[in-house]
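Participant: One structure coming up, written as structure tokens, with questions to follow.
The values are calculated or read from the model by the stated rules, or taken from the named source; none is laboratory data. Given the structure is predicted, the values throughout are model-derived calculations rather than measurements. With ideal geometry, Cβ positions are generated from the backbone for all residues, glycine too; neighbour counts draw on all protein chains shown.
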Amino acid sequence: MKKEIDYTRFNSPVTPNRSRRLYIETYGCQMNVSDSEVVAAIMQQAGFTITDHMADADVVLINTCSVRDNAEQRVRGRLDLFRLQKQRMPGLIVGVLGCMAERLKEQLLENGTVDLVAGPDAYRTLPQLVHNAESGQQGVNTLLSREETYADISPVRTDKNGVTAFVSIMRGCNNVCAYCVVPYTRGAERSRPSETILREVRTLLQNGYREVTLLGQNVNSYCEPAAAESKTITFARLLERVALEDPSLRVRFSTSHPKDMHNDVLYTIAMYPNICNHIHLPVQSGSSRILEKMRRGYSREHYMERLAKIREIIPECAITTDIIAGFCSETDDDHAQTLSLMREAEYDAAFMFRYSERPGTKAARHYPDDVPTEIKTRRLNEIIALQNQLSLESNRRDVGKIFIVLAEGNSKRSDAFLFGRTSHNKVTVFPKAKFKAGDYVPVKITTCTSATLIGEVTGMNNE
Ligand code: SAH
Ligand code: SF4
Ligand code: F3S
């Protein structure tokens, strides 16, 4: 019998007798990337060395996503590969972390590949779980917490560029979007104390980082309750404090929920040049009827009013979105409304998905998944085709303009070119010349594709 054990009893890291190597693979959202950095820190403290090569590892951890069925299928494919690796290397420990761990719990142990399962709030117990697995005892810890924010842990940065970093400011989600598994896999919303966020930002600055992305499922509802004699810290205030740390630090954030995107945040963005002019504002659908069924808490009209306000307060702000095609009961007319909203919104970019029913969600329990797969696919393809056109038009409007690009590294195609992003979050490629990752470079855009701006290094004046 595999029973859930209260591993919170084991709060001191286990000291190993030799340095073992840990390989972590990460799927899903930026939050998972950030969590893997917390896991690396916890495991490093417990004596593990992090390796980039699975073949060298004594322990393999896979940090997983459940948001759509295909995300889970990819992980299952990887687990099949780990099974082969285990045959070659008896004694290899395999652990599943993240949202699939939380959703499937001990079911993951069933096929014999997986030794341990840890949900998103259970990472402090990983050293103990690994230790138990090494002595042949499988373990599952998927307890969700109302408090855990890993606030005191300094993440081990796994990104290689040394320029941009994610900083988690909150965990969990209190919304009830009918299609979404996240509230079940991540638990209730909680904000991380602002002082620990600022401390992490300062450390990043000292280590040469030039950009932070503040992360949460719904950053606009960040709230640190007022301590004695101080004010409540809202997201707008937190954003301001981070921006004030250093004018040479770019600040981004994700994700904003349209129902909670208030003007105070917009004024803060407008006030500080180092807060990037880009808002990711997932709309999901252009039909108010579908939005209501999704329980998003806003209508098409409210969303468009927010967009108008963003453009009034932050002229030229880039806006990107997420869209779901083929949610329960979606008609051709609902779909046409999504396409028309996209045209009105003139999104700069979008993440677009086919609706995937997730077990246990409100939609799975109450609404039939009744849009046939071929229709979902056709609608998704129409949405993608339209967005490609909108992205290309948006990029073409930038040709001839000058942007300050924060260089992140060599371009994929050639070492003679660097790539970086504009404040609008557009990937830009330009000749390397004397520049290196971490430099702010004025680039005049000469040409573009729907995904990339291409330019040359220039002086500072827009002509
Ligand atoms: N917290 C963020 C997004 C979390 S998930 C927000 O509220 O915007 C990222 C995106 O995945 C969502 O915006 C949505 O577009 C998509 N998504 C979530 N559940 C889905 C499902 N069941 N099927 C298809 N797409 C889904
Ligand atoms: Fe999911 Fe909605 Fe929460 Fe985003 S806001 S994580 S879509 S429930
Ligand atoms: Fe996936 Fe979990 Fe993120 S379901 S999108 S990894 S919060």
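Participant: Can you go through 303, 355 and tell me which one is touching a Cys at 6+ places or on another chain (Cβ under 9 Å), within 16 Å of ligand 2 (Cβ to nearest atom) and touching a residue at least 24 places away in the same chain (Cβ under 8 Å)?
Facilitator: Working: 303 fails: touching a Cys at 6+ places or on another chain (Cβ under 9 Å).
Residue meeting the stated conditions: 355.
Participant: While we're here: For the stretch 275-308, which residues satisfy the criterion of being of a type in the set (Lys, Arg), over 20 Å from the mean Cα position of the chain (by Cα) and over 17 Å from residue 235 (Cβ atoms)?
Facilitator: Of all residues in the stretch 275-308, those of a type in the set (Lys, Arg) come to 289, 293, 295-296, 300, 306.
Restricting the remaining residues to those that are over 20 Å from the mean Cα position of the chain (by Cα) gives 289, 293, 295, 300, 306.
The answer is 289, 293, 295, 300.
Participant: Among the residues of the stretch 155-170, is any in contact with a Phe, Trp or Tyr (Cβ under 7 Å, 6 or more places away or on another chain), part of a loop (DSSP other than H, G, I, E, B) and hydrophobic (A, V, I, L, M, F, W, C)?
Facilitator: yes
Participant: Can you tell me how many residues in the stretch 345-368 are assigned to a helix (DSSP H, G or I) and surrounded by 14 or more Cβ atoms within 10 Å (Cβ to Cβ)? Even if it seems obvious, please write down each step before you answer.
Facilitator: In the first step, residues of the stretch 345-368 are kept if they are assigned to a helix (DSSP H, G or I); the result is 345, 362-366.
Pick out the ones that are also surrounded by 14 or more Cβ atoms within 10 Å (Cβ to Cβ) and you get 345, 362-364.
Number satisfying all stated conditions: 4.
Participant: Can you pull out every residue in the stretch 167-206 that is within 14 Å of ligand 3 (Cβ to nearest atom) and within 18 Å of residue 250 (Cβ to Cβ)?
Facilitator: Residue satisfying the conditions is 168 alone.
Participant: Another one. Would you pick out the residues in the stretch 195-224 that are over 18 Å from residue 440 (Cβ atoms) and acidic (Asp, Glu)?
Facilitator: 195, 200, 224
Participant: Looking at 246, 264 in this structure, which one is at pLDDT 95 or above and in contact with a Ser or Thr (Cβ under 8 Å, 6 or more places away or on another chain)? Please lay out each step first, then the result.
Facilitator: Details: 246 fails: in contact with a Ser or Thr (Cβ under 8 Å, 6 or more places away or on another chain).
None of the others qualify; the one that does is 264.
Participant: Let me ask you something else. Looking for something surrounded by fewer than 20 Cβ atoms within 10 Å (Cβ to Cβ), at pLDDT 95 or above and farther than 30 Å from residue 389 by Cβ - is there at least one such residue anywhere in the stretch 424-431?
Facilitator: There is no residue in the stretch 424-431 that is surrounded by fewer than 20 Cβ atoms within 10 Å (Cβ to Cβ), at pLDDT 95 or above and farther than 30 Å from residue 389 by Cβ.
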